[in-house]
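Visitor: The structure is given below, and queries will be raised subsequently.
The values are calculated or read from the model by the stated rules, or taken from the named source; none is laboratory data. Source: prediction; values computed, not measured. Virtual Cβ from ideal backbone geometry, glycine too; neighbours counted across all protein chains shown. Remember, those area values only see protein heavy atoms, side chains included, never the ligands or the DNA or RNA. Shrake-Rupley method; radii C 1.70, N 1.55, O 1.52, S 1.80 Å.
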Amino acid sequence: MTKEDENKKTSGYQVEVQKAFQQIEVGVKGVFASENYKNYLKTMAKFHKYSINNSLLIMLQCPDASIVTGANKWKTEFNRMIKKGSKAIKILIPHPYKREIEVDGEIVEKEFCYFTLGNVFDISQTEGDDFPHLCKELKGDSDEVKQLISVLSKVSKYPIFYWNLKEDRKGFFSATDSKIVVKKNMSDLQKFKTLAHEIAHSRLHVERTDKGRQQCEIEAESIAFVVANHFGIDTSEYSFPYIANWSKNKDSKELKAILTNIQKEAKAIITEMENQEVA
């Protein structure tokens, strides 16, 4: 690590970085208000490759952001310029480094990290060449949704069965029988949402857990929402009516850990699906 880096770590610049972390800390609790929660999941769906911290910062500064990147990339790759007077969206830039330290009389190499702030801009803050349109929102039965169901099925670690389930049960995951079951007579749209929900359960909730049923359902439904929203599946019917009440007695650290679980698994599913499409 250079002397310049050392100075940057301890400079007044780090006060702004600390403010960003404080903003995240406050924002975590605010996310779990019912409307805010859906808005945050939409941000996560758009920016699934960003860290949990930066997803929060983007949402808090620019709730309607859809595509963000740095000014130089907008110019060199997309021939778009930042509109005069646009306010940058601040994100955290990690700078990992290693240092030898003494531990119990031995010199060991430890990994550390400090942060600086970087600037990105949303597409709405730019002008220039036309930008390729994002996929339209998909509703009901369609060939596009059928194709997405096929791709999603390929990333499941368990065999999938379509049964005539009774009453309002749309599907389930059975760790005991090592299978996912989805109700047969539903729209393509509902099959996709249900399959994403049950795949999420199969990734996060195979072993016995002390999370409780409500938290498990929140995690699975949230992951399904993020995956569906990312691929243009209509998410208007998703609802999280009890999220605010459920979260009110939990501290920010615990809530952030839950968001991290959701982000990690949603990112994994989205990445695997996109790799399937390329293959």
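Visitor: Please list, ordered by first then second residue, the pairs with beta carbon atoms under 9 Å, 6 or more apart or interchain, first in the stretch 71-84 and in contact (Cβ under 8 Å) with a residue 12 or more places away in the chain, second open to solvent by 80 Å² or more (accessible area, probe 1.4 Å) and assigned to a helix (DSSP H, G or I).
Guide: So the pair list comes out as M81/K75; I82/K75.
Visitor: Before we move on, is Q276 polar (S, T, N, Q), open to solvent by 50 Å² or more (accessible area, probe 1.4 Å) and assigned to a helix (DSSP H, G or I)?
Guide: yes
Visitor: Hey, can you tell me all the residues within the stretch 69-96 that are under 20 Å from Y50 (Cα atoms) and open to solvent by less than 70 Å² (accessible area, probe 1.4 Å)?
Guide: T69, G70, A71, W74, A88, I89, I91, L92, I93, H95
Visitor: Next question. Return yes when D177 is of a type in the set (D, E, K, R), in contact with an Asp or Glu (Cβ under 8 Å, 6 or more places away or on another chain) and either exposed (fewer than 13 other Cβ atoms within 10 Å of the Cβ) or modelled with pLDDT of 90 or more (or both) and no when it is not.
Guide: The answer is no for D177.
Visitor: Still on this model: For the stretch 180-214, what are the residues that are open to solvent by less than 20 Å² (accessible area, probe 1.4 Å), over 17 Å from I233 (Cβ atoms) and of a type in the set (S, T, N, Q)?
Guide: S202
Visitor: I would also like to ask the following. Looking at the stretch 14-54, which of the residues that are within 18 Å of D64 (Cβ to Cβ), open to solvent by 40 Å² or more (accessible area, probe 1.4 Å) and among the charged types (D, E, K, R) is modelled with the lowest pLDDT?
Guide: Ranking the qualifying residues of the stretch 14-54, first place goes to E35.
Visitor: Against the definition (free of Cβ contacts under 8 Å to residues at least 12 places away in the same chain, within 30 Å of E144 (Cα to Cα) and more than 18 Å from the chain's Cα centre (by Cα)), how does E217 come out, yes or no?
Guide: no
Visitor: Of all residues in the stretch 68-101, which are within 24 Å of L56 (Cβ to Cβ) and of a type in the set (A, V, I, L, M, F, W, C)?
Guide: V68, A71, W74, I82, A88, I89, I91, L92, I93, listed by residue number.
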